[in-house]
1. Which of the three applies to the range 261-319, rounded, prolate or oblate, going by the alpha-carbon gyration tensor with a ≥ b ≥ c and a/c under 1.5 meaning rounded?
2. Test of understanding: extend the Cα→C-beta vector of ALA200 to 7 Å, then name every residue of the range 214-232 with backbone N under 17 Å from that spot.
3. Going by average Cβ neighbours within 10 Å, how do the peptides 319-332, 262-275 rank, with the highest at the top?
4. Which loop-located GluC sites (Glu not before Pro) does the range 51-99 contain, where loop means any DSSP state but H, G, I, E or B and the Cβ has at most 13 other Cβ atoms within 10 Å?
5. Which whole-Hz ³J(HN,Hα) couplings does the range 49-57 yield from phi under the Karplus relation 6.51 cos²θ - 1.76 cosθ + 1.60, θ = phi - 60°, glycine and proline marked x?
6. Between beta-carbons, use under 12 Å as the cut-off and find the net charge around ASP112, counting Lys and Arg +1, Asp and Glu -1.
7. What's the FRET efficiency of GLU69 with PHE4 using the Cβ-Cβ distance as r and R₀ = 30 Å, to the nearest 0.05?
8. Give, as a single signed number, the net charge of other residues whose beta carbon lies under 9 Å from the beta carbon of GLU272, with Lys and Arg counted +1 and Asp and Glu -1.
Amino acid sequence: MERFTYGTLPDHLKRPPATVQPILARPGKPTVDISHLTQEVAGIAHVLPMIEVKSPEHWIEIVRGLGPEVDAILPVSVPAYPTEVWNSHPEVLVERGLPVVFWPLMEFDEPDFWRWSARDMLSALGVTVHLVPSIAAGKSLLRALGTRRFLSHSRLVVFGEQNFPWNARSAGHLVTQGLGTEIDVLPLSAFRDGRDAIPADRVAAIWAERSARFVVGNVRSEALDTAMRTYLAIRDILAERQAFGFGVNCYGDLIINGGRDVPCLAQALLREDGYIASCDGDFIAMEGMVAASVYLDQPCMMSNMYPVTYVGALRDHFGDSLSPDLARFPRERWKNLARLGHCAFVGIVPAEMTPTGKVTLRDFGGTYEIPRDGSGCGVDSDLTGNVRATAIEMKFDGKTLIAAGVDVVETSRHGFNHCETTGLLEFDNLPKLIDNISREHVVIVYGDYVDDLKILADVLGLAFVRC
């Protein structure tokens, strides 16, 4: 599955290609065919022309002279000769601080085992070394290097009061320190003020261009108009600030103060524009969504996760435990089952993640505590059932990435006004995820990407928890 984007993305929304510098240790047949490598990683990385080392002094000069555009050094050797210049003169690698990548033997798609000792020695000295086991893993590594560069000069915008645990004023600096993302906090008025002044013909023209992936359900025309204006106002702010994503604190500000101008449609449309978007202004979830959409190039969604074993908590929240059918799901399976739901629906599921390739616009669903009143513009989407997926969570410390294997079982219909649909998920090890969890918001991406996320964590210098 490919992430759907509309039109050409601005540069600040694109993952830049990683830049690698091949360095041939001595004259001879290289272990890596650079022309083949360049073709293999086209679109993912920029492979600079290979430099052949003439002497140890030349080696030191080369490494010290590499510019800031270089993300990694790719040492290239001559087969079966481990007495290389990086072994005899490794100090410059420690000094320079660039990662070292030993590329696999491409003809056989296997790791170059002659680099085992060099990896351990250089790592012991403090050099970051990647002994790549396969071409596929190498591509993931290069995408991770590009993602690191993407994050290093990135920006998010969150709107509304900061009164949830994902409080950007208090905890946002941890993400900035760990990943590089700056977080701007703006009031709701930032997108509300002037929204009504957006010309009606602009609203109509853009809706005509973009409506094919949406089914207009029972949403009122005036609510759809407001939703479109909210989208355009937020898009202008993101473009002005060169931000890659946004979130609005709905339940801690907008809704509890009587507003129903929820940004659900804005999320859906801005994702199509190449942005990241999460519910409730959860900036940590947006960093997890970067792992899915910027690093993996996959569509993703986020929502509240409710373990079905928490019968009392679900009954208090929904007025019903939403327990799965015992005939289909014996109780011994419940320990790994959870529901995914937000604002009466599964969540803001991208159209490409639905069975039909479309989503339905409905009046805003609210919750058991906030009754549905027919206003607002929500998004009702089904997940594709019987699909392997990965759940992603970044922790508040900006230093820990969690990934869990999961199967999407089905989308369940409940029929409650405040809870029409939820996704039913079966995790490989939900108890372990709960033990390590950051919060109830999880990011879901179709496909088994746990190993790829481990590579991303290594490149970003994050602790990795596999669940």
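The values are calculated or read from the model by the stated rules, or taken from the named source; none is laboratory data. Bear in mind that the values here come from a model prediction, so they are computed numbers and not experimental data. All Cβ positions, even for glycine, are placed from backbone atoms using ideal geometry, and neighbour counts span all protein chains on display. Heads up: the accessible areas ignore ligands, DNA and RNA and are worked out on the full protein's heavy atoms, side chains in. Shrake-Rupley method; radii C 1.70, N 1.55, O 1.52, S 1.80 Å.
1. Values: a/c = 3.03, a/b = 1.79, b/c = 1.69.
Note, shape of the range 261-319 comes out prolate.
2. Correct set: 221-230.
3. 262-275, 319-332
4. Of the GluC sites (Glu not before Pro), the ones in loops of the range 51-99 whose Cβ has at most 13 other Cβ atoms within 10 Å are GLU69.
5. In residue order, the calculated couplings are x, 6, 10, 9, 6, 9, 6, x, 5 Hz.
6. -2
7. On the way: r = 30 Å, r/R0 = 1.01.
It comes out at approximately 0.50.
8. Working: positive: ARG210, ARG213, ARG271; negative: ASP273.
Overall, the nearby charge balance is +2.
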